[in-house]
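A short write-up of the structure that comes next.
Any read-out appearing in this document is the output of simple, stated calculations on the displayed coordinates, not a laboratory observation. Quick caveat, the model's predicted, so the values are computed rather than measured. Every residue, glycine among them, receives a Cβ derived from its backbone with ideal geometry; neighbour counts consider all protein chains shown.
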Amino acid sequence: MAGRECYHCQQWIEEGEAHDCWTTTEAALTKDLSEDLQDAYERLREAAVEFGEQRIYASHSSIMFSRKACHFFVRPKRKHLELVIFLGRAVKSPQIKKVVESSTTKRAHIIQITHRDEVEPPITDWMLEAYKMQDLVPGPSQHKAKKKKKGQVTRKVFP
């Protein structure tokens with residue numbers, strides 16, 4: 001019997017058999033959640049859909065919400081939903097567990113949600129801010145390159 005073991009999921013795949021262990025769905029990621037967490041996810045999704053057109057899709061172990069780029073995502077955990085919101089500033093708040101610099105213009109704000117009632121302002125306000133931020137921040141192709149002055153030499157300094 002010819003076949004191979006998938007490097008990612010260690011599942012045995014017969015020769016010629018279709019296999020895509022990276023593909024998943026929202027339903028698959030949320031089916032094992034408690035009722036409270038499923039309600040909280042539904043509320044998060046409802047709030048996001050109210051903002052306007054966007055793409056909502058499952059990727060690996062997260063549910064992504066994006067327009068041009070991902071503006072926030074939900075990572076379902078056993079005891080909570082981990083909501084990661086990308087904002088152009090660092091926010092200090094008791095709801096935010098951690099802020100991580102994710103790029104030169106964005107900060108990832110990590111929030112743990114355990115109940116539907118937690119999905120209200122200021123969390124929904126931050127979600128909307130992240131959604132709208134893509135209209136304000138220039139894309140990588142829109143950044144202006146720095147011009148060298150005539151006769152200026154760029155030198156590398158080695159430690």
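The figures follow:
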| quantity | calculated |
| --- | --- |
| Nearest-0.05 FRET efficiency for residue 15 and residue 42, computed from C-beta distance (R0 41 Å) | 0.45 |
| Charged-residue dipole, Cβ positions (Lys, Arg, Asp, Glu), region 19-135 about Cα centre, Debye nearest 20 | 580 debye |
| Proportion of all alpha-carbon pairs of region 19-135 beyond 24 Å (%) | 21 percent |
| Unit charges at the beta carbon, dipole of region 19-135: most positive-side option, 127, 108, 76 | 108 |
